[in-house]
Amino acid sequence: MSSSAENPEAAGFKFEVLATDPTGARLGRLTTPHGAVDTPAFMPVGTAATVKGQTQQDLEDLGVQILLSNTYHLYLRPGHELIRKLGGLHKFMSWPGAILTDSGGFQVFSLSELRKVSDEGVTFRSHLDGSEHFLSPEKALEVEIALGADIVMVLDECIEAPSAEARTREAAARTLNWARRSKEYFAQHGDPARQMIFGIVQGGTYGELRRENADALVELDFPGYAIGGLAVGEGHATTCEMAAIAASRLPAERPRYLMGVGKPEQIPDYVALGIDMMDCVLPTRSARHGCLFTAQGRLLIKNAQYIRDERPIDESCGCAVCRRYSRAYLRHLYASGEFLATILNTHHNIYFYLDIMRKIRDAIRFGKLEKFRTDLQARLK
Ligand SMILES: [Zn+2]
């Protein structure tokens with residue numbers, strides 16, 4: 001999608017690659033109906049239409065341009081029809097920036113009980129009240145269209161890791177078939193000026209399968225592509241190897257999203273493979289457990305060594321928390337189980353991630369990603 005004229009299907013959207021780095025990393029900009037997203041971008045996770053512990057104003061102040069929200073959770077509670085009637089997810093949660101919704105597949109396969117998968121879709125029980133539901137590729141998109149996120153994902157079959165090759169091949173084939181049906185459903189019921197639909201490359205840890213799956217998916221001609229089923233315990237080198245194979249088959253002019261990554265020191269590795277978008281619960285979930293990311297590595301705020309420590313979390317961090325509060329105070333809040341601990345810890349961790357992304361984009365602009373990566377990994381490992 002270098003321009004809307006070349007791809008009228010995606011009239012409300014534009015993806016531009018502005019610079020490339022010798023590593024293969026891309027500096028880009030994704031234009032959406034809810035503002036531009038500078039890429040490579042990290043998307044904080046707002047599972048139930050909220051990034052836990054942060055107000056929408058906080059997120060704006062942090063410079064968040066795009067959030068991820070979970071279709072599975074919103075479908076079960078409060079329900080997509082209610083959100084649609086209240087004007088869609090942006091209006092409901094009062095978020096002016098871009099939103100991406102997943103298909104719900106990952107949660108159905110990881111959280112819910114009594115899953116029965118067929119070519120038609122997947123039957124599952126709600127983790128909230130045990131009620132039975134059926135999710136098909138068409139149903140997932142019906143829900144995502146009602147929610148109205150800028151980017152919507154197709155339903156994919158997420159399998160246990162590791163899985164044997166035959167099982168992985170079967171799931172990848174089913175995912176491809178679901179992608180075809182999703183594209184058809186979106187062509188009939190979706191609005192390409194309002195929402196952009198991404199296909200998902202599967203194939204587990206089998207390189208040939210990843211290659212075949214990516215090639216077949218590209219034939220379906222999605223405006224953007226995700227790489228799924230990675231960072232699920234296979235080891236970082238394998239994650240990179242599989243992501244590299246998939247990314248190498250995807251069209252250069254379309255955005256690429258690596259789902260569910262990653263650790264701060266790994267992010268430059270993914271970016272170097274030509275990945276434009278990422279999401280991960282790590283900064284927010286870790287914050288709630290008192291694990292704070294700093295330029296010198298992780299800091300566990302509960303530790304007794306911080307009881308009298310008057311320094312900020314990270315002396316090189318410019319976030320509102322580091323400018324105001326001491327480790328001693330944050331340690332006290334955490335040890336006392338105060339709400340404010342989660343709020344402040346989350347704020348710092350999101351700032352830390354977004355700051356890495358800003359520095360990565362600057363590094364790509366000057367063709368210096370390799371140096372940035374080496375320096376970052378030397379400090380954080
Ligand atoms: Zn900070």
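What follows draws every value from the coordinates through simple rules; no lab data is involved. Computed from a prediction, not measured in an experiment: that's the story for all the values here. Cβ placement follows ideal geometry from the backbone for every residue including glycine, while neighbour counts extend to all protein chains displayed.
Computed values, structure above
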read-out: Label-point separation, E81 to K359 (7 Å along Cα→Cβ), nm; value: 5.0 nm
read-out: Loop GluC sites (Glu not before Pro), region 99-206 (other Cβ atoms within 10 Å of the site Cβ: 15 or fewer; DSSP); value: E120, E160
read-out: Members of K302/K381; K263/K302; K139/K263 lying beyond 24 Å, as alpha-carbon distances in this model show; value: K139/K263
read-out: Inter-part distance where region 14-50 and region 312-337 are each reduced to a Cα centre, Å; value: 29 Å
read-out: Listed residues G228, V271, M357: farthest to the positive end of the dipole of the chain (Cβ charges); value: M357
read-out: For the chain, built as a Gaussian network whose Cα springs stay under 10 Å, the top-fluctuating residue of K85, K302, K183; value: K85
read-out: Using a Förster distance of 22 Å, the FRET efficiency for F134-D215 (Cβ separation, nearest 0.05); value: 0.10
read-out: Span from the region 221-260 Cα centroid across to the region 280-302 one, whole angstrom; value: 25 Å
read-out: 0 to 90° range, to nearest 10: angle between helix 236-249 axis and the chain longest Cα axis; value: 40 degrees
read-out: Inter-label distance, nm, simple model (7 Å from Cα along the C-beta direction), E253/K116; value: 4.6 nm
read-out: Net charge, A363 excluded, C-beta distance under 14 Å - Lys, Arg +1, Asp, Glu -1; value: +1
read-out: Tail beyond 18 Å, pair distance distribution of region 181-270 (Cα, percent); value: 45 percent
read-out: Summed residue charge, Cβ within 12 Å of R373's Cβ, Lys/Arg positive, Asp/Glu negative; value: 0
read-out: Ascending count of other beta-carbon atoms within 10 Å, so fewest first, for M357, M153; value: M357, M153
